[in-house]
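Inspection log for the structure reproduced underneath, given as structure tokens.
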Amino acid sequence: MAGSKEIRTKIKSVENTRKITKAMEMVAASKMRKAQERMRAARPYAEKIRNVAAHLSHAHPEYKHPFLVARENVKNVGIVVVTSDKGLCGGLNTNVLRLSLNKMKEWESSGKKVSVSAIGNKGLGFMSRIGGNVRSQVTGLGDAPHMDKLIGPLKVMLDAYVAGEIDALYVSYTRFINTMKQEAVVEQILPLSGERLGAAEGRWDYIYEPDAQVIIDELMVRYVESLIYHAVAENMASEQSARMVAMKAASDNAKNVIGELKLVYNKARQAAITKEISEIVGGAAAV
Amino acid sequence: MAMTIHVDVVSAEKSIYSGLAEIVVAPGVMGELGILPHHSPLITRIKPGPVRLKVPDQAEEEVFFVSGGILEVQPGVVTVLADVAMRGHDIDEAKALEAKAAAEDAMRNKGSEIDYARAQAELAEAVAQIATLEKIKKKTH
């Protein structure tokens, strides 16, 4: 029975692979639910801070925060590239990196210099491999995004913006549409457009403590941070659902492979039995 | 029933409290603040410390510890935008430097120009791999 042992070993090995992908699928499914909750939990803060920022920019027309002023001559562009730390999540990172790269190429061909802030291992690896100008990075975010980790890399970009080293800031991440659908997007963060900030409901004058400028400065930084935080939270939900789908596909594939191998194995077994019987019959006839 | 004011305590990571309160006490930068209903609009930074709420029909005060943030009073609504992390110029600066140093470390052996051709080839390869896998998957189904 030549080859049947090999086929058996092969079946065993594919079965083990399937067990692993199945487990990863289930882990990703439960992590996805949590990631989605986190994404939703961040919404009230973003909404509130947007509202307050809109109020302040209307109530205080004489002080324009640098984040709100659009620069006429954009020479340097910054982009925050949000990717996952781990792989095995289908085309998620590839799509977002391809989109970012196309944008970067577009900017460079129109004479703008691009610098990058990489959030997530995959983006950092890619950007440093291709020789991009990485200003700041953070990796190893884990399963839950923490503001704590995002403040540093973002501050580098915001400081660069205020200092005039970059004139516009973008973020690229994977937007979570639903479990089956995620979309890579590039969005402009700075300068903040009036549209994004929206109109405030009602108008009143605040009492400022200590003074308006300090409050507006702090608020704007926090607003931008919350935008990035949201992008990261959304990217994580996308990552988990992409991984879930990818692992489901892998499990299904493994199942098919096992089916085919079993067929081959049974055929080989049958052939061996037939051969043996015909040998016995042939032997008996000879006697 | 005592007069109440709507209070939202939110942080970037989650909503901490949303509901009515008779009084909100928060540690403002200029001193502790007690906000009662019909307070005039106010916006202030708050220091790390406890934010206390007197919730109607509840003997115990609700206490949340915040590591700084911004307090906003609108007519009828109080919003506490709590920071999730300890903030401060020095702390933020240290984090920024760390992120920068990490990036510089990673960039040590990079070329001067972005090699778009190579990058695109790399991405195209990955896309092709995914497409192939999908094709294989469709065929076997």
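The values are calculated or read from the model by the stated rules, or taken from the named source; none is laboratory data. Quick caveat: nothing in here was measured; it's all calculated off a predicted structure. Methodologically, a virtual Cβ is constructed for each residue, glycine included, from the backbone with ideal geometry; neighbour enumeration extends over all protein chains shown. Accessible surface is based on the protein model in full, side chains and every heavy atom, while ligands, DNA and RNA are left aside. Shrake-Rupley method; radii C 1.70, N 1.55, O 1.52, S 1.80 Å.
How shielded is B:32-45 by partner chains, expressed as the average number of their Cβ atoms within 10 Å of its Cβ atoms?
Rounded to a whole number, the mean comes out at 3.
Could you state the principal axis extents of the C-alpha atoms in region A:35-243, from the largest down, to the nearest angstrom?
52, 41, 26
Could you pull the Cα extents of chain B along its three principal axes, largest to smallest, in whole Å?
70, 48, 25
Identify all aspartates and glutamates with a Cα-Cα distance to A:K105 below 13 Å; exclude those on the same chain that are fewer than 8 residues away in sequence.
B:E113, B:D115
Could you list the trypsin sites (Lys or Arg not before Pro) in region A:184-287 that lie in coil according to DSSP, counting only those with at most 12 other Cβ atoms within 10 Å of their Cβ?
A:R203
Please list, in order along region B:25-37, the HN-Hα scalar couplings obtained from phi with the Karplus expression 6.51 cos²θ - 1.76 cosθ + 1.60 (θ = phi - 60°), rounded to whole Hz, x for Gly and Pro.
For region B:25-37, the Karplus-derived couplings read 10, 9, x, x, 5, 9, x, 5, 10, x, 9, 9, x Hz, x marking Gly and Pro.
Only Lys, Arg, Asp and Glu count, each charged at its Cβ (+1, +1, -1, -1), so figure out the dipole size of region A:90-243 about its Cα centre, rounded to 20 debye.
Rounded to the nearest 20 debye, it is 920 debye.
Across peptide A:103-111, what mean number of C-beta atoms from other chains lies inside 10 Å of a residue's C-beta?
1
What residues have an amide H closer than 5 Å to that of A:S115, excluding those fewer than 5 places away on the same chain, when H is modeled at 1.01 Å from N in the peptide plane?
Close amide H contacts, sequence-distant or interchain: A:V77, A:G78, A:I79.
With all protein chains present and a 1.4 Å probe, how do B:S40, A:S109 order by accessible area, largest first?
A:S109, B:S40
Check each of the GluC sites (Glu not before Pro) in region A:64-129 and keep only those in coil by DSSP with at most 13 other C-beta atoms within 10 angstrom; list them in order.
The qualifying sites are A:E72.
Once the Cα atoms of helix B:89-107 and of chain B are each reduced to a long axis, what angle between those two axes, in degrees from 0 to 90 to the nearest 10, is obtained?
10
For chain B, compute the number of Lys pairs whose alpha carbons are separated by less than 24 Å, excluding pairs fewer than 8 positions apart on the same chain.
Pairs that pass both the separation and distance tests number 6.
For the ranges A:122-132, B:25-35, B:67-77, B:4-14, what's the packing order if you count other beta-carbon atoms within 10 Å of each residue, average per peptide, and put the highest first?
Those peptides, ordered most packed to least, come out A:122-132, B:4-14, B:67-77, B:25-35.
For region A:172-189, take each phi angle, set θ = phi - 60°, evaluate the Karplus expression 6.51 cos²θ - 1.76 cosθ + 1.60, and give the result in whole Hz per residue in order, putting x for glycine and proline.
Using θ = phi - 60°, the values come out as 10, 7, 9, 7, 8, 9, 8, 4, 8, 10, 10, 9, 6, 9, 10, 10, 7, 9 Hz.
Per DSSP H run of at least 4 residues, take -39500 (n - 2.57); add these up for chain A, divide by its residues and hand me the 222 nm value, nearest 500 deg cm²/dmol.
It lands at -22000 deg cm²/dmol.
Nearest 100 Å² is fine: how much accessible area is buried between A and B, summed over both sides, with a 1.4 Å probe?
Answer for the A-B pair: about 5100 Å² buried.
Each residue of region A:209-217 in order: what ³J(HN,Hα) in whole Hz does its phi give by Karplus 6.51 cos²θ - 1.76 cosθ + 1.60, θ = phi - 60°, with x for Gly and Pro?
10, x, 8, 4, 4, 4, 5, 4, 4
On C-alpha positions alone, give me the angle between the axis of helix A:4-41 and the longest principal axis of chain A, in degrees, nearest 10.
20
Check the straight Cα-Cα distances from A:K275 and name the lysines below 22 Å, setting aside those fewer than 8 residues away within the same chain.
Leaving aside lysines fewer than 8 places away in the same chain, those within reach of A:K275 are A:K5, A:K262, A:K267.
Taking every residue in B:68-75, how many Cβ atoms of other protein chains lie within 10 Å of its Cβ, on average?
4
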